[in-house]
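K.L.:
My questions will all concern the structure given below.
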Amino acid sequence: MASKEITYKGQAFQLAYELVNPSQKEVLLVLHGWGSNKEIMKQAFGKELPMYRHIYLDMPGFGKSTNAMVLETADYAAIAQLFLDTLHVKPKIVMGHSFGGKVSTLLNPPCLVLLSSSGILVPKPFDVKAKIALTKLLKPFKFGWVRTLFASKDVEGMSHAMYETFKNVVNEKFEHHFSSVSGKALLFWGKEDTATPLWTAEKIEKMIGDATLYPLEGDHFFFLKHAPFIAQTITDQCKDSNS
């Protein structure tokens, strides 16, 4: 594992990353989802796509990368771009899972690979809406147990900065960014995904000018079982993308 320190908006970030196939010229950047880290992505794709130099990055606040700021998705993309600039690389392919798909979209590479990406707001079930309403009602009283009782499992153990960041990224309107993608896009999705349902993928596919959707068996982490197929499709479809 390696690390790079970058400065963004006056704040230092120590970013942990790992390289695979370091001698290869063309670069693949791989970004994990919320609450995850680079290890699960390397587990899936580390032995695939040997013709690319893989960069597995722990995004700020995850894995071994630091964060003490309240961020939005655009900030994550800006930090990732600064990181790439320090390495003097321009990825031909950026692959992102879930939240990492949103960050990847903003990086707008020649070939964008989305794995059950977030970015389309999914209506919340009634019980979740009720919890949110009650939390807002009790917020002025500053009961510390309110957050503990009603917070999503995605925010357990988070710092204040990461908790506020989570609220930012799950509620932001992001749809219009998909329409701004200028390169080729490959969308791989779990048919049984409940976090980012397949209908959100169909909506994203229509927004991107050059996009192809590949529904596959499995849930939100479907890619762990389908890495060879995903890698072969990337090999076939991204080879002619302009770097």
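The values are calculated or read from the model by the stated rules, or taken from the named source; none is laboratory data. The structure displayed is predicted, hence computed values, not measured ones. FYI the Cβ positions are ideal-geometry reconstructions off the backbone, even for glycines, and counts take in every protein chain you see. All accessible areas refer to the heavy atoms of the entire protein, side chains included, with ligands and DNA or RNA removed. Shrake-Rupley method; radii C 1.70, N 1.55, O 1.52, S 1.80 Å.
K.L.:
For the range 152-233, just run the numbers: alpha carbon Rg, then divide by 2.2 N^0.38 Å, N being how many residues it has. Intermediate results must be reported in sequence, preceding the final value.
P.N.:
Details: Rg = 15.0 Å, N = 82, 2.2 N^0.38 = 11.7 Å.
Ratio of Cα Rg to 2.2 N^0.38 Å: 1.28.
K.L.:
Residue by residue through the range 169-180, which ³J(HN,Hα) values in whole Hz follow from phi under the Karplus form 6.51 cos²θ - 1.76 cosθ + 1.60 (θ = phi - 60°), with glycine and proline marked x?
P.N.:
In residue order, the calculated couplings are 6, 7, 9, 6, 7, 10, 3, 5, 5, 5, 5, 8 Hz.
K.L.:
How many angstrom lie between the Cα centre of the range 39-112 and the Cα centre of the range 190-240?
P.N.:
18 Å
K.L.:
Pull up all non-local amide H partners of Gly61: gap of 5 or more, or a different chain, and H-to-H distance under 5 Å with H placed in the peptide plane.
P.N.:
Residues meeting the amide H criterion: Thr66, Asn67.
K.L.:
For Lys167, give me every one of the aspartates and glutamates with a C-alpha distance below 12 angstrom, ignoring sequence neighbours fewer than eight places off in its own chain.
P.N.:
Within reach: Glu72, Asp154.
K.L.:
Taking the convex hull of the alpha carbon atoms in the range 1-83, what volume per residue do you get, in Å³? Spell out each step's value before the answer.
P.N.:
Numbers: hull volume 7.5 nm³, N = 83.
Looking at the range 1-83, the number lands at 90 Å³ per residue.
K.L.:
List the residues whose amide H sits under 5 Å from the amide H of Tyr8, counting only those 5 or more places along or on another chain, with H placed 1.01 Å from N in the peptide plane.
P.N.:
Those lying under 5 Å, H to H, from Tyr8 are Phe13.
K.L.:
As an exercise, identify the chymotrypsin sites (Phe, Trp or Tyr not before Pro) in the range 176-243 lying in DSSP coil whose Cβ has no more than 14 other Cβ atoms within 10 Å. Intermediate results must be reported in sequence, preceding the final value.
P.N.:
Numbers: sites: Phe178, Phe188, Trp189, Trp199, Phe221, Phe222, Phe223, Phe229; in loops: Phe221, Phe222.
Here no loop site has a sparse enough neighbourhood.
K.L.:
Heavy-atom accessible area of Met1 with all protein chains present, probe 1.4 Å, nearest 10 Å²?
P.N.:
140 Å²
K.L.:
What number, in percent, do you get for the relative contact order of the range 1-112 if the mean sequence gap of Cα pairs under 8 Å and at least 6 apart is divided by its residue count?
P.N.:
Values: 212 pairs, mean separation 33.6, N = 112.
After rounding, I find 30 percent.
K.L.:
Would you kindly derive the ³J(HN,Hα) couplings of the range 193-200 from the backbone phi angles with the Karplus curve 6.51 cos²θ - 1.76 cosθ + 1.60 (θ = phi - 60°), listing them in order in whole Hz, with x for Gly and Pro?
P.N.:
Whole-Hz 3J(HN,Hα) from phi for the range 193-200: 5, 9, 6, 10, x, 4, 5, 5.
K.L.:
Just tell me the longest site-free run in the chain, where the sites are GluC sites (Glu not before Pro) in a DSSP loop having at most 10 other beta-carbon atoms within 10 Å. Write out the running numbers ahead of the final one.
P.N.:
Details: sites that count: Glu156, Glu217.
The answer is 1-155.
K.L.:
Counting other C-beta atoms within 10 Å, and keeping those with at most 16, which DSSP coil trypsin sites (Lys or Arg not before Pro) do you find in the range 38-112? Provide the component values of the computation, followed by the final result.
P.N.:
Numbers: sites: Lys38, Lys42, Lys47, Arg53, Lys64, Lys92, Lys102; in loops: Lys47, Lys64, Lys92.
Taking the range 38-112 and a limit of 16 other Cβ atoms within 10 Å, the loop trypsin sites (Lys or Arg not before Pro) found are Lys47, Lys64.
K.L.:
Rolling a 1.4 angstrom probe over the protein chains, ignoring ligands and nucleic acids, what is the accessible area of Leu115 in square angstrom, nearest 10?
P.N.:
0 Å²
K.L.:
Using only the alpha-carbon atoms, what does the range 60-125 span along each of its principal axes? Please give whole angstrom values in decreasing order.
P.N.:
45, 31, 19
K.L.:
Right, next: Take the residue pairs Lys42/Lys92; Lys173/Lys203; Lys25/Lys184; Lys25/Lys225; Lys9/Lys92; Lys102/Lys191 and return only those whose Cα atoms are more than 22 Å apart. All intermediate terms of the calculation are to be shown ahead of the outcome.
P.N.:
Numbers: Lys42/Lys92 18 Å; Lys173/Lys203 14 Å; Lys25/Lys184 20 Å; Lys25/Lys225 28 Å; Lys9/Lys92 27 Å; Lys102/Lys191 20 Å.
Violating the 22 Å Cα-Cα cut-off are Lys25/Lys225; Lys9/Lys92.
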